[in-house]
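S.K.: My questions all concern the structure below.
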């Protein structure tokens, strides 16, 4: 089944304890992206990647890191989490192009709910 | 820059009522337009899309028409059901070398029996 898989789905951690949220897709998509969803603020982009070894900042990158060493994986790293990073996180991917079936339609993971105490 | 503005919620309707959620956009180039839906406890999933002016996207009784002259992509459904209760996001995609996806802030819909 074509999907984006995020782990963990739920995590409670403490301030300053490094954590990684993994994201993996099995559709050979070039584009991958991380979003956070907060009440009243909608969906805000953290980082995106156009392809392997190509990453760039979104709207709210502070406090986060990403890497794209393989096409299928795009982990989100919180080096020193703080309570304001408590949020619902989504990973998404798509193939890029014009005129291709399914191109530019994002497939989302199920979400990772993170609480930082 | 590119952006999407959608009607703020929350919206509460009775079952079988008519639904409209407004969405307008600003974009350089020729964007594709999307509506995504997020059911409680789930990720976003594509509801419908339109890739060029005057296209109408439709799915599950929902419709939206790409209006270039008014830069709009309003979501409509003639008769909502309780199962339509969800958060709806308008989005656009502009092919370019950098980031190309922009989302509205989402509109929460609750349908009561």
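Coordinate-derived values only; no laboratory data. The model shown is predicted, which means the values in this text are computed figures rather than measured ones. Methodologically, a virtual Cβ is constructed for each residue, glycine included, from the backbone with ideal geometry; neighbour enumeration extends over all protein chains shown.
S.K.: Between residue B:13 and residue B:45, take the C-beta separation as r, use R0 = 22 Å, and let me know the FRET efficiency to the nearest 0.05. Please list the in-between numbers first.
M.R.: Numbers: r = 21 Å, r/R0 = 0.96.
Between residue B:13 and residue B:45 the formula returns 0.55.
S.K.: Right, here's the next one. Treat each spin label as a single point 7 Å out from the Cα along the C-beta direction, and report the residue A:13 to residue A:71 distance in nm.
M.R.: Once both label points are built, they end up 2.9 nm from each other.
S.K.: Relative contact order for chain B using alpha-carbon pairs under 8 Å, separation at least 6, rounded to a whole percent? Please report the intermediate quantities before stating the final value.
M.R.: Working: 299 pairs, mean separation 41.7, N = 113.
The normalised contact order for chain B reaches 37 percent.
S.K.: Take residue A:51 and residue A:84, extend 7 Å from each Cα along the Cα→Cβ direction, and tell me the distance between the two endpoints in nm.
M.R.: Distance between the two pseudo-spin positions: 3.6 nm.
S.K.: Order by neighbour count: A:46, A:12, A:77, fewest other Cβ atoms within 10 Å first, most last. Walk me through the intermediate numbers first.
M.R.: Working: A:46 23, A:12 11, A:77 14.
With the fewest neighbours first, A:46, A:12, A:77 line up as A:12, A:77, A:46.
S.K.: If each residue's Cβ is checked for other Cβ atoms within 10 Å, how do A:56, B:54 rank with the fewest at the top?
M.R.: Values: A:56 14, B:54 10.
Going from least to most buried by this count: B:54, A:56.
S.K.: A further question on this structure: Over region A:1-71, what is the relative contact order in whole percent, taking alpha-carbon pairs under 8 Å and six or more residues apart?
M.R.: On the way: 100 pairs, mean separation 15.7, N = 71.
The value is 22 percent.
S.K.: Using the alpha-carbon centroid of each, what span in Å lies between region B:3-57 and region A:44-69?
M.R.: 25
S.K.: To continue, here is another question. How far is it, in nm, from the label point at residue A:20 to the one at residue B:83 when both lie 7 Å from their Cα along the line to the Cβ?
M.R.: For the pair residue A:20/residue B:83, the computed spacing is 4.1 nm.
S.K.: To make sure I understand, if each residue's beta carbon is the centre and we count other beta carbons within 10 Å, what order do B:18, A:90 fall in, fewest to most?
M.R.: So the residues, fewest neighbours to most, are B:18, A:90.
S.K.: Ok, one more. Treat the protein assembly as shown as a sphere of radius equal to its Kirkwood radius over Cα pairs and apply Stokes-Einstein at 10 °C in a medium of 1.306 mPa s; give the translational diffusion coefficient in µm²/s, rounded to a whole number. Can you show the working numbers first?
M.R.: Values: Rh = 18.1 Å.
Using the Kirkwood radius from Cα pairs, D works out to 88 µm²/s.
S.K.: Fully extended, how many nm does the chain gain between residue A:95 and residue A:41 (0.36 nm per residue separation, minus their Cα-Cα distance)? Walk me through the intermediate numbers first.
M.R.: Details: separation 54, 0.36 × 54 = 19.44 nm, distance 2.68 nm.
Length gained between residue A:95 and residue A:41: 16.8 nm.
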